[in-house]
Each structure stands twice: as C-alpha cells, then as structure tokens.
1. Return only the number of the condition from (1) over 21 Å from Ile245 (Cα atoms); (2) not in a loop (DSSP other than H, G, I, E, B) that Arg126 does not satisfy.
2. Give Gln165, Gln130, Gln112 a once-over and let me know the one that is closer than 25 Å to Tyr230 by Cα and polar (S, T, N, Q).
3. Residue by residue through the range 160-188, note down the ones that are assigned to a loop (DSSP other than H, G, I, E, B), under 21 Å from the mean Cα position of the chain (by Cα) and within 18 Å of Ser248 (Cα to Cα).
4. Can you tell which of Leu146, Leu108, Leu154 is assigned to a helix (DSSP H, G or I) and under 21 Å from Cys57 (Cα atoms)?
5. Does the range 188-209 include one or more residues that are crowded, with 16+ Cβ neighbours inside 10 Å and either farther than 29 Å from Cys163 by Cα or among the β-branched types (Val, Ile, Thr) (or both)?
6. Report whether or not Ala155 is under 28 Å from Gly243 (Cβ atoms), in contact with a strand residue (DSSP E or B) (Cβ under 9 Å, 6 or more places away or on another chain) and free of Cβ contacts under 8 Å to residues at least 40 places away in the same chain.
7. Of the residues that sit in the range 158-180 and are out of contact with any strand residue (DSSP E or B) (no Cβ under 8 Å at 6 or more places or on another chain) and in contact (Cβ under 8 Å) with a residue 12 or more places away in the chain, which one is farthest from Lys200 (Cα to Cα)?
8. Would you check which residues across the range 98-114 are farther than 16 Å from Gln38 by Cβ and over 17 Å from the mean Cα position of the chain (by Cα) and list them?
Amino acid sequence: MAAITRLVKRTTSFYPLARGFSSSSYSHASPRENRNIQWVFLGCPGVGKGTYASRLCNLLGVPHIATGDLVRHELSSNGPLSSQLSEIVNQGQLVSDEIIMSLLSKRLAEGQAKGESGFILDGFPRTIKQAEILEGVTDIDLVVNLKIREEALLAKCLGRRTCSQCGGNFNVASINIKGENGCPGISMDPLLPPEHCMSKLITRSDDTEPVVKERLRIYNELSQPVEGFYRSRGKLMEFELPGGIPESWPKLLHALNLDDEEKQSAAA
C-alpha cells in the first residue's frame with residue numbers, strides 16, 4: 001500500500017476527452033498537451049480491455065497497467081503468491097483486494113522509480129472497495145466501460161490463443177451473430193497468427209466454458225456498483241463495441257475525441 005499512497009493527488013485538472021462529458025472542474029487543454037491522463041478501462045473478462053487500452057497507451061505515450069498481466073506475471077514467477085493465485089484463477093474466482101493491491105503497489109513503485117507519469121488502468125478497480133481506495137490516492141479523469149453481447153464475449157474467450165514462443169496474443173474465433181430482440185448483430189473476424197506461430201499456440205488454462213461463465217457471473221454481480229460509483233461522479237463513458245478492432249477502434253477514438261491525435265500520430 002505504501003507505493004499507492006505516494007501517488008499524490010494532482011493539483012492540475014484534466015478534462016475528459018470523451019464527447020458528451022462536461023464539468024467545470026476540467027481545463028480545456030488539447031490531448032497532446034495533457035499526456036498525464038489517468039484513465040480506467042472497465043469491462044467483462046475477454047471484452048478487449050487490454051487490446052484497446054494498450055493501443056491508446058501507445059498513441060498517448062502513457063504506461064498500460066493491466067492487473068490481469070500483473071497476476072499472470074506473479075503466477076509464472078513461482079513467487080510466494082503463485083500457488084494461491086493458481087487455485088483462485090483456475091476456479092474462475094476473483095483475486096482478493098489485498099492481493100491485487102499488493103501487486104499494484106509493487107508495479108506503481110517500479111513505475112515511480114522510472115519516472116512514469118500518468119497511466120491507463122486495465123481491469124482495476126473491480127469492486128467498490130477498490131474504487132474507494134483508488135479515489136483516495138489519485139484523481140481518475142475518465143472511466144471507459146467497454147460492452148459487448150455475451151454470446152460474442154463467450155466465443156471470444158474460448159477462441160483466445162497465445163504463442164508459447166513469442167508471447168503474441170491471437171484469437172481463432174470467427175463470430176457472426178444476428179441481431180435480435182433489439183440487440184444489434186455483431187461480426188468479428190478471427191485474429192490469426194503468422195504461419196510460424198500456428199504450431200505453437202496454447203490456450204489459457206482458465207479459458208474453458210464453465211470457468212468463463214463463472215467469471216462473467218461474478219463480474220456482472222460486482223460491476224454494477226462500480227459503474228454506479230463512477231457514473232455518479234460524471235466520469236463513466238459507456239462504449240458498446242460494434243465489432244472487431246477495424247470497426248471499433250475508429251469509433252472509440254471518435255468517442256474519446258482523439259481522431260486528430262491518431263491522424264497526427266500516423267503522419268509523424
């Protein structure tokens with residue numbers, strides 16, 4: 001916890017880039033002048049938080065802190081928490097606040113030592129308790145809540161693959177769900193690996209249908225209070241993913257008012 005308490009609340013206010021947000025407490029500087037953003041990405045397991053948060057971090061030049069990655073790193077490290085985390089993850093349970101805060105504290109301390117400023121948090125906070133702790137030590141500018149139809153989400157999770165050699169993340173699922181009962185259809189092409197990775201693909205041990213469904217049940221149970229926490233503070237932006245990355249990325253940039261930022265980055 002010590003590392004987190006060293007994240008001093010900022011005296012400079014930052015405006016939320018998402019269209020439709022307004023608050024007198026935010027200044028009106030351009031995105032390029034305010035790299036020190038402090039954003040949170042929420043969404044069900046497998047929705048794509050890591051993919052979109054990572055792309056935005058590359059675009060804006062801020063670190064991407066994914067609590068899921070912190071957990072997986074600890075799992076592979078054979079450290080003191082490894083066996084405890086393995087049992088929790090394989091049962092589809094959420095990691096406790098105490099463990100998450102310990103891992104996040106360590107990551108923030110390492111970032112401070114390297115001179116990092118600003119971040120995008122991915123997968124944290126997941127509970128009201130975590131949100132309250134985070135609010136007490138830093139000012140979150142914007143919370144992006146990614147959403148997708150549950151049928152598509154399940155297919156995405158079951159289609160996830162990782163290359164055991166290069167560590168690349170891919171997805172073999174081809175999703176084409178028709179619209180019904182007022183819900184729009186959704187189509188997502190597979191994200192296939194290069195040929196040299198095909199024979200080296202592995203599936204995460206927790207990406208099984210029973211475990212994925214249990215993760216979704218627990219997440220949905222806990223997510224509504226967290227969403228309400230940030231909605232009441234005027235910081236929540238709901239974003240329904242219309243499809244895969246080609247369809248969703250430009251629309252997300254538009255929602256975040258980052259269209260020009262992407263153009264300037266591509267021209268650089």
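Values in this text are rule-based calculations from the coordinates and carry no lab data. Since this is a predicted model, take the numbers as computed values, not measurements. With ideal geometry, Cβ positions are generated from the backbone for all residues, glycine too; neighbour counts draw on all protein chains shown.
1. (2)
2. Values: Gln165 fails: closer than 25 Å to Tyr230 by Cα; Gln112 fails: closer than 25 Å to Tyr230 by Cα.
So the residue among Gln165, Gln130, Gln112 that is closer than 25 Å to Tyr230 by Cα and polar (S, T, N, Q) is Gln130.
3. Ala173
4. Leu108
5. Checking the range 188-209: not a single residue is crowded, with 16+ Cβ neighbours inside 10 Å and either farther than 29 Å from Cys163 by Cα or among the β-branched types (Val, Ile, Thr) (or both).
6. Values: under 28 Å from Gly243 (Cβ atoms): yes; in contact with a strand residue (DSSP E or B) (Cβ under 9 Å, 6 or more places away or on another chain): yes; free of Cβ contacts under 8 Å to residues at least 40 places away in the same chain: yes.
For Ala155, the condition - under 28 Å from Gly243 (Cβ atoms), in contact with a strand residue (DSSP E or B) (Cβ under 9 Å, 6 or more places away or on another chain) and free of Cβ contacts under 8 Å to residues at least 40 places away in the same chain - is met.
7. Selected residue: Leu158.
8. Listed by number, the residues that qualify are Glu98, Ile99, Ser102, Ser105, Lys106, Ala109, Glu110, Ala113, Lys114.
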